[in-house]
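The values are calculated or read from the model by the stated rules, or taken from the named source; none is laboratory data. Note that the structure is a prediction, hence the values are computed from the model and not measured. Every residue, glycine as well, gets a Cβ built from its backbone with ideal geometry; the counts of neighbours run over all protein chains shown. Protein only, heavy atoms only, side chains kept; ligands, DNA and RNA dropped before computing areas. Shrake-Rupley method; radii C 1.70, N 1.55, O 1.52, S 1.80 Å.
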Amino acid sequence: MEAATVAAPFSSFVTSTQNSSSSSSSPCSLLLSRKKKNLGSVNLRFKSRLSVRASSSTSDSVVTLLDYGAGNVRSIRNALRHLGFSIKDVQTPGDILNADRLIFPGVGAFAPAMDVLNKTGMGEALCTYIENDRPFLGICLGLQLLFDSSEENGPVKGLGVIPGTIGRFDSSAGGIRVPHIGWNALQVGNDSDILDDVGNRHVYFVHSYRAIPSNENKDWVSSTCHYGESFISSIRRGNVHAVQFHPEKSGGMMFYSKVGLSVLRRFLDPKSSSKQVIACLDVRTNDKGDLVVTKGDQYDVREQSNENEVRNLGKPVDLARQYYKDGADEISFLNITGFRDFPLGDLPMIQVLRYTSENVFVPLTVGGGIRDFTDATGRYYSSLEVAAEYFRSGADKISIGSDAVYAAEEFIKSGAKTGKSSLEQISRVYGNQAVVVSIDPRRVYVNDPDDVPYKVIRVTNPGPNGEEYAWYQCTVSGGREGRPIGAYELAKAVEELGAGEILLNCIDCDGQGKGFDTDLVKLISDSVGIPVIASSGAGTPEHFSEVFETTNASAALAAGIFHRKEVPIQSVKEHLLEKSIEVRM
Ligand code: 1PR
């Protein structure tokens with residue numbers, strides 16, 4: 001797999017072709033010239049001589065590296081290994097076409113590089129690969145070669161994928177020194193997933209030539225940087241990315257996990273984007289009428305004492321502020337008796353939200369009782385009004401529980417979207433990213449998958465009577481009533497109805513501290529395209545890494561261990577970092 005030295009097919013090229021680069025037409029320009037007319041999306045319908053192999057994900061941890069031996073790409077190799085990837089070196093154009101993901105760390109000068117690409121047929125293979133929107137990351141020269149041409153020892157034709165000419169920094173502009181060597185900040189524009197963790201932090205540059213943003217290439221530009229002038233620091237279109245800076249050098253060991261590597265990680269495993277640790281505050285009024293943070297034991301929030309009082313674990317605003325300071329990525333308030341009350345009448349809950357949002361600057365989700373409602377006076381309130389009041393009071397997202405179950409049942413029965421459910425109304429007005437559906441399922445073991453008309457899975461831990469299968473029955477009203485719908489069916493239906501995220505609780509695991517129900521989380525996170533929050537059962541930091549390593553959960557939530565100060569949020573995050581799971585520190 002790994003070629004320690006310069007990949008054989010190129011070594012001979014590098015030396016011999018130093019100065020014979022001005023071939024008439026660039027590989028891509030031939031391919032693309034006929035298409036420039038409708039260069040809307042990358043994936044054009046042109047049948048080139050070459051064809052790329054549909055992704056077969058030979059292995060999720062292999063990355064193909066185009067190292068044409070011009071310079072040391074040792075640090076990129078080290079970075080890839082550090083991220084747990086093995087490297088397949090390009091030996092032939094076919095290796096490019098068959099790549100699942102390709103990194104092209106261009107080092108050296110433009111002309112010799114284009115010569116190697118032209119003479120080895122790699123240029124055309126690269127064009128075909130990019131044309132088919134295959135996962136590509138060009139670094140430094142690997143970005144510049146995508147452009148029409150370069151003035152470096154030229155003009156020299158480039159691959160011609162992106163309009164524009166690479167030119168030398170003008171040292172007279174603003175008294176800058178050329179080459180541009182050092183750390184500089186990016187102005188991240190169009191969404192470029194791979195830069196999401198960089199934000200305005202500094203990354204490392206070493207180059208004398210640069211690409212300039214223009215009307216012709218503006219659709220490609222995902223970030224610019226200023227050095228005497230504004231130049232293109234990264235491009236992105238679909239799965240095709242390239243950066244002028246060096247992600248593999250953008251940070252010391254400590255920085256590693258934050259900036260440089262996050263760019264590579266996000267490219268290599270787009271799903272990996274950084275995981276979130278969420279603190280959840282289940283709130284309700286206790287018998288004295290005070291709004292307290294409580295915590296269920298499989299949803300039973302009453303102390304096993306004579307008084308049988310509601311378990312009181314603290315004040316909602318204080319705890320929320322504390323978890324924010326401790327590094328929680330999001331805070332959720334679940335008004336667990338909301339199904340009983342009328343949210344807009346529940347001023348204490350709204351007050352909690354207003355006070356919290358004054359001091360907590362991470363996303364706030366609030367749930368409980370969101371539904372259309374007619375109060376005792378006969379006044380009708382739509383769920384939209386309820387949600388509006390929560391958003392006005394500081395919520396970034398609202399969470400719907402019971403009402404989403406009824407909406408899903410209706411949708412599955414009729415097969416038609418009425419547009420009237422709280423889920424549909426609120427996601428239509430506020431966007432689906434503002435709507436979370438909280439699922440409260442209970443595991444039901446069965447001996448045979450055909451025993452029930454719902455999605456059944458083989459469970460890791462057999463049931464009390466050795467049952468090998470189970471389905472997850474959804475409940476409403478805080479787990480009090482089981483409904484004829486499974487968590488799988490519900491998740492699929494609410495995604496269709498406009499939910500932007502799923503908070504996947506598990507009544508069986510709630511408050512048990514034995515870990516998340518990874519069978520359930522895997523089932524749901526593999527079945528929907530929207531983010532899934534694993535919830536219920538966290539007892540140790542290892543439970544978090546386990547759920548992120550074994551499922552596609554985007555976030556994991558805990559309550560009890562944080563309320564009882566058994567496991568600090570910081571130690572969960574440090575553990576995840578040790579496990580190379582990207583989190584915000
Ligand atoms: O149905 O729209 O009124 O919403 C009610 C909301 O309240 C739902 O989101 C539902 O999940 C929640 N809820 C209702 N009853 C309870 C209860 O505990 N009796 N709590 C309840 C939900 C689940 C998690 C909990 C995790 C983590 N809590 O949020 O925090 O299980 O706990 P752990 O880390 O201690 O294991 P509607």
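Descriptive notes on the structure:
- Criterion: touching a helix residue (DSSP H, G or I) at 6+ places or on another chain (Cβ under 8 Å) and open to solvent by 30 Å² or more (accessible area, probe 1.4 Å) - qualifying residue of Asn98, Asn118, Asn132: Asn118
- The residue that is farthest from Glu152 (Cα to Cα), counting only those in the range 191-207 that are modelled with pLDDT of 90 or more and open to solvent by 30 Å² or more (accessible area, probe 1.4 Å), is Tyr204.
- Any hit, the range 160-181, residues being acidic (Asp, Glu) and over 32 Å from the mean Cα position of the chain (by Cα): yes
- Yes/no for Ala279 being away from the ligand (no atom under 12 Å from the Cβ), closer than 22 Å to Ala538 by Cβ and among the hydrophobic types (A, V, I, L, M, F, W, C): no
- Among (1) within 14 Å of the ligand (Cβ to nearest atom); (2) in the same structural domain as Ile561 (by the TED database); (3) touching a residue at least 40 places away in the same chain (Cβ under 8 Å), the one test that Arg480 misses: (3)
- Boolean, Lys565 is more than 9 Å from the ligand (Cβ to nearest atom) and free of Cβ contacts under 8 Å to residues at least 24 places away in the same chain: yes
- Per the conditions (1) buried (at least 20 other Cβ atoms within 10 Å of the Cβ); (2) over 23 Å from Ala109 (Cβ atoms), the sole criterion not satisfied by Leu159 is (2).
- The helices (runs of 4 or more DSSP H) located wholly in the range 457-573 that include 1 or more residues which are open to solvent by 20 Å² or more (accessible area, probe 1.4 Å) occupy 487-497, 518-527, 541-550.
- Residues in the range 472-482 include none that are of a type in the set (A, V, I, L, M, F, W, C) and in contact with a Cys (Cβ under 8 Å, 6 or more places away or on another chain).
- Residue under evaluation Thr418, criteria (1) polar (S, T, N, Q); (2) open to solvent by 10 Å² or more (accessible area, probe 1.4 Å); (3) over 28 Å from the mean Cα position of the chain (by Cα); (4) within 16 Å of the ligand (Cβ to nearest atom), criterion not met: (4)
- Candidate set: the range 421-451, residues that are closer than 23 Å to Trp471 by Cα and within 30 Å of the chain's Cα centre (by Cα); chosen: the one farthest from the ligand (Cβ to nearest atom): Arg443
- Any hit, the range 529-542, residues being hydrophobic (A, V, I, L, M, F, W, C) and away from the ligand (no atom under 16 Å from the Cβ): yes
- Residues that are free of Cβ contacts under 8 Å to residues at least 40 places away in the same chain and more than 20 Å from Gln351 (Cα to Cα), drawn from the range 388-405: Asp403
- Every test in (1) within 16 Å of the ligand (Cβ to nearest atom); (2) surrounded by fewer than 21 Cβ atoms within 10 Å (Cβ to Cβ); (3) at pLDDT 90 or above is passed by Thr337 save one, and that test is (3).
- Selected residue (criterion: surrounded by the most Cβ atoms within 10 Å (Cβ to Cβ)) from residues of the range 439-456 that are without any contact (Cβ under 8 Å) to a residue 40 or more places away in the chain and among the aliphatic types (A, V, I, L, M): Val456
A quick yes/no check of all residues on (1) assigned to a helix (DSSP H, G or I); (2) modelled with pLDDT under 90:
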| position | (1), (2) |
| --- | --- |
| Thr64 | no, no |
| Asp67 | no, yes |
| Asn78 | yes, yes |
| Gly108 | no, yes |
| Lys119 | yes, no |
| Gly123 | yes, no |
| Cys127 | yes, no |
| Gly138 | no, no |
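- Flag: Val352 does not match the condition of being away from the ligand (no atom under 16 Å from the Cβ) and open to solvent by 10 Å² or more (accessible area, probe 1.4 Å).
- Failed condition for Ser332, given (1) polar (S, T, N, Q); (2) free of Cβ contacts under 8 Å to residues at least 12 places away in the same chain; (3) crowded, with 17+ Cβ neighbours inside 10 Å: (2)
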